[in-house]
Amino acid sequence: MHTCPVCGYAKLEFPPEDFTICPSCGTEFGYQDASTSHQVLRQKWVSKGPVWHSVVVPQPPLWNGYLQLIKAHMFSAEDIPWLKGPVKVEIGETIRPSIERGILVSSHP
Amino acid sequence: MNLLLATPCNLVANDQELGPSLIGVFHDMTIKIHPDIEIPGNALIPKEWAIFSKWMLSSEETRRDYVLVSEVYWPDGTLLHQTKSKSSSPATTALIFIIKHQAFPFGQDGRVRIRLWMENEDKTLVHESIEIFISVRVQKNVVLG
């Protein structure tokens, strides 16, 4: 199996060349990537959803394009429009317990 | 079989002698974004987190194989992720599962629901499902420095 350099789909049957079409993002390698970079193709795919491309190869159950990019380490602020603005994640009301031989000791900060 | 503890956390540190320690147990997450940013409903961010659970077995229940099924749902009720983790015939009466995730769903305001239940290998229910919730708040119109 091969990985798509555009969307991170990890089950390409053939290498991404010689007119192989990725069922996930629809890139036709050797044609579309001859004049357009993989990053630009990725940005276009993300801007459309990202959605599963193929109507022949069924979409895997619980498939999510963002998760596919994350697992392939292709998730970048350069490609994801909503990551370009500042995003701040706060984990609130955290409890920090420790477990000692099955006894739960917890403390609330 | 009894469930002793089930919780999401940032990280589980495992010590050979003391056992696992949970780092950053959480049930509430706030994502602050710039007012001009629209987040799609299927958005995930790269964030490592884990679902820790510890189960107590009777002596008759040891040395059997069990399957922990875990499901993570979006706030709108859509299933995001399902994992099946198999134990390998535990010899002790304590059974621990650590389900690691690489991404966290934050495209929707509301409660991310986690369901856990235990099955035998033949899918017979061993422990009925339990639910854990993580509140996710997406705050817009926040000026970030």
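Every number in this text was worked out from the coordinates using simple rules, so none of it is lab data. The structure displayed is predicted, hence computed values, not measured ones. Reconstructed Cβ throughout: ideal geometry from the backbone, glycine too, with neighbour counts over all protein chains shown.
Pairs over the 26 Å Cα-Cα cut-off, from the set B:Lys47/B:Lys123; B:Lys54/B:Lys140; A:Lys11/A:Lys84; A:Lys84/B:Lys140; B:Lys32/B:Lys54; A:Lys48/A:Lys88: B:Lys47/B:Lys123; B:Lys54/B:Lys140; A:Lys11/A:Lys84; B:Lys32/B:Lys54.
Per-residue Cβ counts within 10 Å, from other chains only, averaged over B:41-51: what number is that? Provide the component values of the computation, followed by the final result.
Values: counts 0, 7, 6, 8, 8, 9, 3, 0, 1, 0, 0.
Across the residues of B:41-51, the mean count of other-chain Cβ atoms within 10 Å is 4.
Take each residue in A:73-83, count the other chain C-beta atoms within 10 Å of its C-beta, and the mean is 3. When you filter the GluC sites (Glu not before Pro) in region B:1-80 for DSSP loop state and at most 14 other Cβ atoms inside 10 Å of their Cβ, you are left with B:Glu17, B:Glu38.
Charges at C-beta only: +1 for Lys and Arg, -1 for Asp and Glu. How large is the resulting dipole of the protein assembly as shown about its Cα centre, in Debye rounded to 20?
Values: 23 positive and 27 negative charges, 78 e Å.
Charge dipole of the protein assembly as shown: 380 debye, to the nearest 20.
Sorting the segments A:62-69, B:88-95 by their mean number of nearby beta carbons within 10 angstrom, highest to lowest, gives A:62-69, B:88-95. Placing a label point 7 Å from the Cα of B:Lys86 along the Cα-to-Cβ direction, the residues of region B:38-77 whose backbone N falls under 17 Å from that point are B:63-70. Computed from phi, the 3J(HN,Hα) profile of region A:56-69 under the Karplus parametrisation 6.51, -1.76, 1.60 (θ = phi - 60°) reads 9, 7, x, 5, x, x, 6, 5, 9, x, 5, 5, 4, 5 Hz, with x in place of Gly and Pro. A DSSP coil position with no more than 16 other Cβ atoms inside 10 Å describes the following trypsin sites (Lys or Arg not before Pro) in region A:2-89: A:Lys11, A:Lys48, A:Lys84. A DSSP coil position with no more than 12 other Cβ atoms inside 10 Å describes the following trypsin sites (Lys or Arg not before Pro) in region B:39-83: B:Arg63.
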